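The values are calculated or read from the model by the stated rules, or taken from the named source; none is laboratory data. These numbers come from a predicted model, not from an experiment. Counting neighbours? That spans all protein chains shown, and the Cβs are built from the backbone with ideal geometry, glycine included.
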Amino acid sequence: MKQSQLFVKTQKNAPKDEISLNARLLIRAGFVDKLMAGVYTFLPLGLRVMKKIENIIREEINAIGGQEILMPTLQPKENWQKTGRWDTMDDLYKVKDSSGREMALGPTHEEVVAPLAKLFINSYRDLPVGLYQFQNKFRMELRSKSGLLRGREFLMKDLYSFHISEEDFNNYYEKAKQAYFKIFNRLGLKVYLTFASGGTFSKYSHEFQTITPAGEDTIYICQKCQLAINKEIKNETEKCQDCGGSDFQEEKSIEVGNIFPLKNKFSGPFELTVIDEAGKKQEIIMGCYGIGLGRLMGTVVEIYHDEKGIIWPESVAPFQVHLLDLGAKTEAEKIYQELTDKKIEVLYDDREVSAGEKFADADLIGIPFRAVVSRKSLEKGGVEVKERRTEKTEIWKTEKLIKKLEK
Ligand code: ATP
Ligand code: MG
């Protein structure tokens, strides 16, 4: 894509009321726009990153047999009354139409997916099944000051699994846990598997926590086995639930995902039952598994940046290479064409602005490779390549650049 045609321009300053680092950088670099606290528009660059995150998650969830669906945002009050959550969920947005009919804007989708599953799951042969979606959630978050980390409207991947037995559930839960590790690993994030309280229905749940000062959570990492416990459940005398260790390191962290045994919490109210192999009626056992995509994008920025801007990991960068024309337009155009023909994702800075401005924007936007085409680089035999995360520059022939970036 030619930068001269890009809808968004970078900005010198972020809005005064935006205090979070991730949002300030993402706004300045032109990835998102803030409509109001906790509500953001994803601009062309930002949407490209979100789509990459989405595809990584999709690949890994498909690999454990997930089937993708898309459920509605607007949900009937009756379903929420059935589970009791119409009155107990503090962050539920409720809307009323002109006829007085009340509805919920989905903060999560158990109230839709459980009755949906009831339509198609009749026998133990229909199990297990995993249904997931990428969908905007709405939550009345009161403290929306962490940029993309805490939206009031935000994109989530939510997966729900259905099982005939605890044993089958445990197997699936373990597979989902491994899929989550793969997802965060591909995004360049080190995560700590963290015990958290499971609410009233289950003894525990697991969170995936990434350490950063921007985090709203506090976790205690066991120095012996590296499993962590969330502050909210941990009592002073507690030992590590896994290895019995008692030496913990306290850290600030972000919950980038979680997995949660639901037991019969939702299959009960929606009468989600099946006939088992012995011909006996059984309540289905459910699990749910969430990941916030915007929160992930914000987390990546919190971890991968410097004073000049963002430093995207290759897996989620909006483009693979930022090609800068510095007074050698004909040659730069040709190289842009060559790279594009090879299906390499290029942002081509063809603008009539100063070299300083181009360099500053390249650093701010944070594409992993920068390739400068100038008279000087051509005399030296190619393009001047620099990785965003290092200071070193090298002259490469176009073929070498293609070889490096071709998938
Ligand atoms: P938190 O404790 O941070 O509020 P949660 O326990 O409410 O999170 P879940 O309801 O389990 O989170 O949602 C699943 C995932 O969705 C979370 O792990 C997180 O990645 C993401 N998420 C939750 N709330 C938000 C939000 N307000 N903005 C962006 N992402 C969110
Ligand atoms: Mg919450």
query: Taking region 230-289, which residues are of a type in the set (Ser, Thr, Tyr), at pLDDT below 95 and in contact with a strand residue (DSSP E or B) (Cβ under 9 Å, 6 or more places away or on another chain)?
result: 246
query: Is it the case that some residue within region 280-289 is polar (S, T, N, Q), in a strand (DSSP E or B) and surrounded by fewer than 24 Cβ atoms within 10 Å (Cβ to Cβ)?
result: yes
- prompt: What helices (runs of 4 or more DSSP H), lying completely within region 318-379, carry at least 1 residues that are surrounded by 16 or more Cβ atoms within 10 Å (Cβ to Cβ) and among the basic types (Lys, Arg)?
  reply: 355-365
- prompt: Where residues in region 10-50 are at pLDDT 95 or above and either on the phi > 0 side of the Ramachandran plot or charged (D, E, K, R) (or both), which of them is surrounded by the fewest Cβ atoms within 10 Å (Cβ to Cβ)?
  reply: 33
query: Only one of (1) modelled with pLDDT of 95 or more; (2) closer than 30 Å to residue 274 by Cα; (3) away from ligand 2 (no atom under 15 Å from the Cβ) is not met by residue 158, so which one is it?
result: (3)
field: Matching option when the condition is more than 16 Å from ligand 1 (Cβ to nearest atom), surrounded by fewer than 17 Cβ atoms within 10 Å (Cβ to Cβ), among the aliphatic types (A, V, I, L, M) and within 19 Å of residue 286 (Cα to Cα), among 70, 74
entry: 70
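Please count how many residues of region 113-122 are surrounded by fewer than 21 Cβ atoms within 10 Å (Cβ to Cβ) and in contact (Cβ under 8 Å) with a residue 24 or more places away in the chain.
Of the residues in region 113-122, 5 are surrounded by fewer than 21 Cβ atoms within 10 Å (Cβ to Cβ) and in contact (Cβ under 8 Å) with a residue 24 or more places away in the chain.
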- line: Of the residues in region 216-264, those that are within 16 Å of ligand 2 (Cβ to nearest atom) and either among the charged types (D, E, K, R) or assigned to a loop (DSSP other than H, G, I, E, B) (or both) number 6
field: region 79-103 - residue that is within 16 Å of ligand 2 (Cβ to nearest atom) and among the acidic types (Asp, Glu) and, of those, surrounded by the fewest Cβ atoms within 10 Å (Cβ to Cβ)
entry: 90
statement: The number of residues in region 122-145 that are away from ligand 2 (no atom under 16 Å from the Cβ), assigned to a loop (DSSP other than H, G, I, E, B) and not polar (S, T, N, Q) is 2
field: Residue satisfying condition, being in a helix (DSSP H, G or I) and within 11 Å of ligand 1 (Cβ to nearest atom), within set 119, 148
entry: 148
task: Find the residue count for region 105-121, including only residues that are under 15 Å from residue 91 (Cβ atoms) and more than 16 Å from ligand 2 (Cβ to nearest atom).
output: 1
message: I'd like to know if region 51-65 contains one or more residues that are modelled with pLDDT of 95 or more, loosely packed, with under 14 Cβ neighbours inside 10 Å and in contact with a strand residue (DSSP E or B) (Cβ under 8 Å, 6 or more places away or on another chain).
response: yes
message: Quick check on region 157-180. Is at least one of its residues within 13 Å of ligand 1 (Cβ to nearest atom) and assigned to a loop (DSSP other than H, G, I, E, B)?
response: no
